[in-house]
Amino acid sequence: MPGSGKSTIGKAVARRLGLPFVDCDVAIERRVGCSIAAFFEREGEDAFRELEMETLASLVVGAPSVVATGGGIVLRERNRELLRARTRCVYLCATIDLLWERLRRDRKRPLLQVADPQMRLRAMAAEREPLYRETAELVVETGGLSFHRLVDRVVQHLRPNGIQPA
């Protein structure tokens, strides 16, 4: 979900594993030459999801890296298939209250620029939660864990399964 810490935790995991870090949203912004919010406004959600799918496909075929995806990546079956087949997918599961606390002042996320963003966040979670769980190899409940414990949990899971520091 947006605000769950994908980019922040992903960067730290990448450092610990000695791997490059890639933020899918940043890769998309570089590709289109504008912010995701601007692209969303100009082209719409369907065009964004298509671009997101193309970007993910290009990122998962290269050398090993840690990739932070956008929260809506799981909405397309093809993305879920790619994530299951080509990645060690980790779902950082945060409560709606925690997500809302982090996102309530955020004006950059197009899907939350509605009359009742908290209700929209709840609806997004209800739609996406089963898809995240279906796709992820590891689900990490983030509540009550410090940043360092979250990073440790992800790294500990990945290391025994063949990902070693460079």
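What follows draws every value from the coordinates through simple rules; no lab data is involved. None of the values given here were measured: they were computed from a predicted structure. Note: ideal-geometry Cβ built from the backbone for every residue, glycine included; neighbour counts use all protein chains shown.
Out of all the residues in segment 103-139, which are among the charged types (D, E, K, R), surrounded by 15 or more Cβ atoms within 10 Å (Cβ to Cβ) and within 21 Å of ILE9 (Cα to Cα)?
Looking only at segment 103-139, we keep the residues that are among the charged types (D, E, K, R), and these are 104-109, 116, 120, 122, 127-129, 133-134, 137.
Restricting the remaining residues to those that are surrounded by 15 or more Cβ atoms within 10 Å (Cβ to Cβ) gives 109, 120, 128.
Within segment 103-139, ARG109, ARG128 qualify.
Identify, by number, the condition in (1) crowded, with 16+ Cβ neighbours inside 10 Å; (2) touching a residue at least 60 places away in the same chain (Cβ under 8 Å); (3) assigned to a helix (DSSP H, G or I) that PHE39 doesn't meet.
PHE39 satisfies all of (1) crowded, with 16+ Cβ neighbours inside 10 Å; (2) touching a residue at least 60 places away in the same chain (Cβ under 8 Å); (3) assigned to a helix (DSSP H, G or I) except (2).
Which of the numbered conditions does ALA12 fail, given that it passes all the others? Conditions: (1) within 16 Å of ILE73 (Cα to Cα); (2) buried (at least 19 other Cβ atoms within 10 Å of the Cβ); (3) in contact (Cβ under 8 Å) with a residue 24 or more places away in the chain.
In the conditions (1) within 16 Å of ILE73 (Cα to Cα); (2) buried (at least 19 other Cβ atoms within 10 Å of the Cβ); (3) in contact (Cβ under 8 Å) with a residue 24 or more places away in the chain, ALA12 misses (1) alone.
If I ask for residues that are surrounded by fewer than 19 Cβ atoms within 10 Å (Cβ to Cβ) and either in contact (Cβ under 8 Å) with a residue 60 or more places away in the chain or touching a Leu at 6+ places or on another chain (Cβ under 8 Å) (or both), which ones from segment 61-72 would you list? Step through it out loud before you land on a result.
Quick first cut of segment 61-72, residues surrounded by fewer than 19 Cβ atoms within 10 Å (Cβ to Cβ) only: 61-65.
Across segment 61-72, the qualifying residues are PRO64, SER65.
If I go through segment 42-63 residue by residue, how many of them are within 15 Å of the chain's Cα centre (by Cα) and not in a helix (DSSP H, G or I)?
The number of residues fulfilling the criteria is 1.
Taking segment 111-149, which residues are among the β-branched types (Val, Ile, Thr) and closer than 19 Å to ARG84 by Cβ?
So in segment 111-149, the residues among the β-branched types (Val, Ile, Thr) come out as 114, 135, 139-140, 142.
The answer is THR135, VAL139, VAL140.
Those residues that are assigned to a helix (DSSP H, G or I), small (Gly, Ala, Ser) and within 22 Å of THR142 (Cβ to Cβ), I need them from segment 1-36; list them, please. Steps first, answer last, please.
Narrowing segment 1-36 to residues assigned to a helix (DSSP H, G or I): 6-17, 24-32, 36.
Keeping just the survivors that are small (Gly, Ala, Ser) gives 7, 10, 12, 14, 27.
Selection gives SER7, GLY10, ALA12, ALA14.
Is there a residue being surrounded by fewer than 19 Cβ atoms within 10 Å (Cβ to Cβ), in contact with a Pro (Cβ under 8 Å, 6 or more places away or on another chain) and either charged (D, E, K, R) or in contact (Cβ under 8 Å) with a residue 24 or more places away in the chain (or both) anywhere in segment 79-92? Spell out the reasoning first.
Narrowing segment 79-92 to residues surrounded by fewer than 19 Cβ atoms within 10 Å (Cβ to Cβ): 80-81, 84-86, 88.
Next cut, in contact with a Pro (Cβ under 8 Å, 6 or more places away or on another chain) only: none.
Within segment 79-92 (the criterion being surrounded by fewer than 19 Cβ atoms within 10 Å (Cβ to Cβ), in contact with a Pro (Cβ under 8 Å, 6 or more places away or on another chain) and either charged (D, E, K, R) or in contact (Cβ under 8 Å) with a residue 24 or more places away in the chain (or both)), the answer is no, since none of the residues qualifies.
Pick out, from segment 68-166, the helices (runs of 4 or more DSSP H) lying fully within it that include 3 or more residues that are of a type in the set (Val, Ile, Thr).
Working: elements: 77-86, 96-103, 117-135, 147-158.
Here the list reads 147-158.
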